[in-house]
Amino acid sequence: MTIPSEILELVDRLNQELNETEQELISGLNRVRPLLSIFPNNNLLMGYFSYFNNVLFFIDSSRRRIQATIETIEPEDIKEELIQEAGEDLGEQLGRVIEAKMGVRRIMNTLEELP
C-alpha cells in the first residue's frame, strides 16, 4: 500500500509550518541577542532567548519524528490501523507545531514594539 495522499498532505503542511516557524524564530533570535548583550540580566529577554532555543530544539525533534513516522508506514504490507495511528500522530504533531508558532509570533509582536 502506498502512503495515502491525506498523510502526504499533512506532512507537507507540517513541514511548511515548521519552516515558517523556524524562519521567524531565527529572526527573533537575531533580535534578542543584541538586546541581551546590552541588558544581560533582563529576565524577560533571557526567557525569550530560552523559549526560542527550546522551540528550535522542538522543530528539529519534530522533523525527525515526522521522518520516523513516514518510514514506519512505507512498507507495502502495512496494516491499516498503523496508517491511521500515524495520521493521528501527525495531526497531533501539527497542533503542537501551530501552538509553538503562535508562541513565537506573540514574542515577535512584543519585540517589534520595542524601539
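The values are calculated or read from the model by the stated rules, or taken from the named source; none is laboratory data. Bear in mind that the values here come from a model prediction, so they are computed numbers and not experimental data. Here Cβ is always computed from backbone atoms with ideal geometry, including for glycine, and neighbour counts include all displayed protein chains. Areas reflect the complete protein model, heavy atoms only, side chains present, ligands, DNA and RNA absent. Shrake-Rupley method; radii C 1.70, N 1.55, O 1.52, S 1.80 Å.
Conditions: (1) in contact with a helix residue (DSSP H, G or I) (Cβ under 7 Å, 6 or more places away or on another chain); (2) under 21 Å from L10 (Cα atoms). L36 meets all but one. Number of the miss?
With (1) in contact with a helix residue (DSSP H, G or I) (Cβ under 7 Å, 6 or more places away or on another chain); (2) under 21 Å from L10 (Cα atoms) applied to L36, the lone miss is (2).
What are the pairs, 6+ residues apart or on separate chains, where a residue within segment 95-115 that is more than 14 Å from N30 (Cα to Cα) has its Cβ under 7 Å from a residue that is of a type in the set (D, E, K, R) and open to solvent by less than 60 Å² (accessible area, probe 1.4 Å)?
The qualifying pairs are V97/E17; I98/E17; K101/E17; R105/E24.
Here's the yes/no breakdown for (1) of a type outside the set (K, R); (2) within 15 Å of the chain's Cα centre (by Cα); (3) surrounded by fewer than 11 Cβ atoms within 10 Å (Cβ to Cβ):
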| position | (1), (2), (3) |
| --- | --- |
| F57 | yes, yes, yes |
| Q67 | yes, yes, no |
| P75 | yes, no, yes |
| I78 | yes, no, no |
| E81 | yes, no, yes |
| D89 | yes, yes, no |
| V97 | yes, yes, no |
| V104 | yes, yes, no |
| E112 | yes, no, yes |
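Please list, ordered by first then second residue, the pairs with beta carbon atoms under 8 Å, 6 or more apart or interchain, first in segment 57-75 and assigned to a helix (DSSP H, G or I), second of a type in the set (S, T, N, Q).
Close Cβ pairs (under 8 Å, with a partner that is of a type in the set (S, T, N, Q)) amount to I59/T21; S62/Q93; R63/N15; R65/Q93; I66/N15; I66/Q93.
Take segment 1-24 and flag every residue that is among the aliphatic types (A, V, I, L, M) and modelled with pLDDT under 95. Explain how you work it out, then say what you get.
First, the residues of segment 1-24 that are among the aliphatic types (A, V, I, L, M): 1, 3, 7-8, 10-11, 14, 18.
Across segment 1-24, the qualifying residues are M1, I3, I7, L8.
Of all residues in segment 1-37 being β-branched (V, I, T) and more than 15 Å from the chain's Cα centre (by Cα), which is surrounded by the most Cβ atoms within 10 Å (Cβ to Cβ)?
Going through segment 1-37, the residues β-branched (V, I, T) turn out to be 2-3, 7, 11, 21, 26, 32.
Applying the additional criterion that residues be more than 15 Å from the chain's Cα centre (by Cα) yields 2-3, 7, 32.
Numbers: T2: 9, I3: 14, I7: 18, V32: 22.
Checking each candidate, the answer is V32.
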